[in-house]
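Here the structure is laid out as structure tokens; the discussion comes afterwards.
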Amino acid sequence: MNNLNQKSIELQINNILKQNGLPEQEFFIWNSLPFSGVSGTSTSFFQYAATIARRYKNGEITLPSLPLNAQDISNLIVENLDLPPLYSNVEAAKGYLNFYYSQSQHYQQVVDNVLNQGEKFGWGEAKGERILVEFSQPNTHKAFHVGHLRNVVIGDAICNILEAAGYDVVRANYINDTGLHVIKWLWNYQKRHMGERPGEDKTRWMGDLYAEANHKMEESPEAEAEVRALFTRWDQRDEEVMALWRESRQWSLEGFDQIYELLGVRFDHIFYDHELEKPGQKLVEDLIQKGIAIDERPEGPVIIRLDDLLGLNKETYRVLVILRSDGTSLYATKDLPLAISKFEKFNPDRSVYVIDVRQSLYLQQIYKTLAVMGHSDWAERCYHLSYEIVNLPGNVTIASREGTVVLLEDLVREAENRALDVVKEKNPELSAEIMQNVAHMVALGAIKYPMLARDNNKIVTFDWKSALDFNGQAAPYIQYAHVRANSILRRLEGPLPESFAPQYSMEPSEVQLIDLISRLPGEIQRAAQEYKPLHLTNLAYELARAFNDFYMQCPVLKAEPEVSSARLRLVAAARQAIANVLHILGIAAPEVM
RNA sequence: GCCCCCAUAGCUCAGUGGAUAGAGCGUUGCCCUCCGGAGGCAAAAACCCGCGUUCGAGUCGCGGUGGGGGUACCA
């Protein structure tokens, strides 16, 4: 919408330049005006002026009259420009051309657009491109802690963002239900817990037994041999081991379902480790046959010397181990068939891996191996969406082996208790059921927001105090703005006023709010392009702040009829924009709180 | 050794090569006869160092310093 107006201005500017014997500007960069309380669009003339000056100096052009600086050229434009109706004013200041919107036109354009599009306001046109996003990747037989949470929260938000931006998204999970960690768990269960079953909180119990397994292994020297032996029985599909594996695996899967439901996350397809183990081992044989992999068994493992294969002298991709010397499988054994399977099943234009930064080299090795195998087209479509880990205060790494974990269940329970206390205090007349509901929405928002509101490559430090602090720059603040907007609209009797162009002079806080609402579609595209939910947490917070400011300064229901009608529509648009951006971030927008 | 990431206010973080570097927490002082105070207003307070590229650098490049991570049979 604004692009059309900008294009028409660009045309005019170039016409004026041409008429004055000046070269045309090839491209324009438009930005929002950086002044608060006004809205408009602005383009810099420094770039252009500098180019002109350089070409003049080089004798490429002759200038019609001298001296001619950025300010002179800007003035020339301002004097000769025929402003489109959306704008009320244009000025040349400090090398910029600033176009101010006509408040009433801009208001109407933005607000009507939001209210017409409703829940789809901000959504982009379908791009006809499919993106598969793999995220979460939990290990069965292990705990689920706040470190894992960041992956799920980022992955889910990225899927929503890509969808909103216009992509066709496949949400994929990859559950690691085999491997050494599982065998350790089975070993411990057989030795110490045979016949026991998990309670209500299945994942915690599985994690406790896993941590215990690690401790016991450190204590007893014969344990490692026993675990090895068990792994071999597993590999030979020993029926007793398999039966126990199937049962215990199911406990973990049910626990994960509880967690995903709690978080409001869904998947379109789940890949399982065990389905890929045998194909992986077969693929390894294949790679040995083709001379890509080197079989060092039994003394060593099966490896791929990537740098040698690629003819690189400097160590870059190093060596990838794809099978243990005893023939049992590694991550890489299964990640290769997994990568292939994704393309065969879904043929995505992009295959995204949401995995923490520590696996960067490993993933580059996997992608390169795909290329070496002759699938360079697939390799090029793979993308590692890397993010930094969640640490505990003092830069302590969360480790499920050590048991230095903050479990998701504990975090959610604490946050819900805290939120419930606040709801009871703030809004005692709500029913118990609604209170519980609100507490849940607030708690989860508060937990998710900090995981999204810092850049992907920044370490998040988890501490209880700030996790349970609902004040300030946090999800509850944004949710509260939504509730306030909602409570105004609830008092409205009858339908929302019809669209119109208000003639009163708007307050700066109104103009600011309109401006921020209008940015949502662009920020969704940017967040999708850069894989950064951060852009949307920023906008969500700014929207909430602008709304609270507006709420403070501008009476809605008690204002003059024209003003009141205009503000009611603006409140409805703000509520919609806040709800939409929260929804994309995977955070609920409560009606009351 | 080689590779990657980080460094902005006391703390936690924003900051499309562009106009006066913004928030939250904490500190200090204010604002409910007013649509919900989980709110608002105000004050003090910052770009690790050096050299470059550029009309213009917190942002880009190179070199330091400090911290974190990765680097053949963990995941």
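The values are calculated or read from the model by the stated rules, or taken from the named source; none is laboratory data. This is a predicted model, so every value here is computed, not measured. Here the Cβ positions follow ideal geometry from the backbone for every residue, glycine too, while neighbour counts run over all protein chains shown. The accessibility values were calculated without ligands, DNA or RNA, using every heavy atom of the protein model including side chains. Shrake-Rupley method; radii C 1.70, N 1.55, O 1.52, S 1.80 Å.
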Fill in: Cα gyration tensor category, rounded, prolate or oblate, for the stretch A:428-471 with a/c compared to 1.5
prolate
Discussion item. In whole Hz and in residue order, list the ³J(HN,Hα) couplings for the stretch A:83-93 that follow from phi through the Karplus curve 6.51 cos²θ - 1.76 cosθ + 1.60, θ = phi - 60°; x for Gly and Pro.
Written reply: 5, x, x, 4, 9, 10, 7, 9, 9, 10, 9
Worksheet item: Considering the stretch A:135-397, what Rg and Dmax in Å follow from its alpha-carbon atoms?
Response: 19.3, 56
Worksheet entry | Of A:244, A:382, A:203, farthest towards positive along the dipole that unit charges on Lys, Arg, Asp, Glu beta carbons give the stretch A:135-397 | A:382
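Out of every Cα pair in the stretch A:408-585, what percent are spaced more than 20 Å from each other? Please list the in-between numbers first.
Working: 9122 of 15753 pairs.
Of all Cα-Cα pairs in the stretch A:408-585, 58 percent lie more than 20 Å apart.
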Fill in: Set of lysines near residue A:18 by C-alpha distance (under 19 Å), chain-local residues within fewer than 8 positions excluded
A:7
Worksheet item: When you take every Cα atom in the stretch A:73-132, what is the radius of gyration, and what is Dmax, the widest Cα pair distance, in Å?
Response: 17.5, 52
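Over chain A, what lengths in whole Å, largest first, do the semi-axes of the equivalent ellipsoid take, defined as the square roots of 5 times the eigenvalues of the alpha-carbon gyration tensor? Don't skip to the answer; put the middle values down first.
Details: eigenvalues 566, 244, 64 Å².
Over the Cα atoms of chain A, the semi-axes work out to 53, 35, 18 Å.
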Worksheet entry | Exposure of residue A:308 as accessible area (Å², to 10), given a probe of 1.4 Å and all protein chains | 110
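Using 20 Å as the Cα-Cα cut-off, could you pick out the over-long pairs in A:278/A:345; A:458/A:532; A:127/A:448?
Values: A:278/A:345 18 Å; A:458/A:532 12 Å; A:127/A:448 28 Å.
Violating the 20 Å limit, Cα to Cα: A:127/A:448.
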Discussion item. I'd like the Karplus ³J(HN,Hα) series for the stretch A:411-421: coefficients 6.51, -1.76, 1.60, θ = phi - 60°, whole numbers in Hz, and an x wherever there's a Gly or Pro.
Written reply: 4, 5, 5, 4, 5, 5, 4, 4, 5, 5, 4
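Loop-only trypsin sites (Lys or Arg not before Pro) in the stretch A:1-99, please: DSSP not H, G, I, E or B, and at most 16 other Cβ atoms within 10 Å. Could the numbers behind the result be given before it?
Values: sites: A:7, A:18, A:54, A:55, A:57, A:94; in loops: A:94.
The qualifying sites are A:94.
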Discussion item. Based on C-alpha coordinates, I'd like the Rg and Dmax of the stretch A:107-203, in Å.
Written reply: 21.3, 72
Worksheet entry | Between helix A:273-289 and chain A: long-axis angle, C-alpha atoms, 0 to 90°, nearest 10 | 80
Worksheet, complete the sentence: Note on the stretch A:2-101: alpha-carbon gyration tensor, axes a ≥ b ≥ c; rule is a/c under 1.5 for rounded, else prolate if a/b larger than b/c, else oblate; result prolate
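Using just the helices of chain A, give the 222 nm mean residue ellipticity in deg cm²/dmol: DSSP H runs with n ≥ 4 each add -39,500 (n - 2.57), and the total is spread over all residues, rounded to 500.
On the way: 22 runs with 325 residues, N = 593.
Helix-only estimate at 222 nm: -18000 deg cm²/dmol.
How large is the charge dipole for chain A, taken about the Cα centre, if only the Cβ atoms of Lys, Arg (+1) and Asp, Glu (-1) carry charge, to the nearest 20 debye?
On the way: 60 positive and 79 negative charges, 148 e Å.
That gives chain A a dipole magnitude of about 720 debye.
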Discussion item. From the phi angles alone, apply the Karplus equation (6.51, -1.76, 1.60; θ = phi - 60°) to the stretch A:583-588 and give each ³J(HN,Hα) in whole Hz, x where the residue is Gly or Pro.
Written reply: 4, 5, 7, x, 10, 6
Worksheet entry | Qualifying lysines (Cα of each under 22 Å from Cα of residue A:424; at least 8 residues distant if same chain) | A:465
Worksheet entry | Qualifying trypsin sites (Lys or Arg not before Pro) for the stretch A:181-278 [loop in DSSP, other Cβ within 10 Å: at most 12] | A:237, A:266
Discussion item. Give the lysines reachable from residue A:216 as a straight Cα distance under 27 Å; neighbours fewer than 8 places away on the same chain don't count.
Written reply: A:142, A:184, A:191, A:202
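From the C-alpha gyration tensor of the stretch A:326-371, pull out the three semi-axes of the equivalent ellipsoid (sqrt of 5λ each), sorted largest to smallest, in whole Å.
Working: eigenvalues 69, 46, 17 Å².
They are 19, 15, 9 Å, listed largest first.
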Discussion item. For chain A, take the longest principal axis of its alpha carbons; what is the angle in degrees between that and the long axis of helix A:2-19, to the nearest 10 within 0 to 90?
Written reply: 50
Worksheet item: Taking the stretch A:552-593, which trypsin sites (Lys or Arg not before Pro) meet the DSSP loop condition and have no more than 14 other C-beta atoms within 10 Å?
Response: A:558
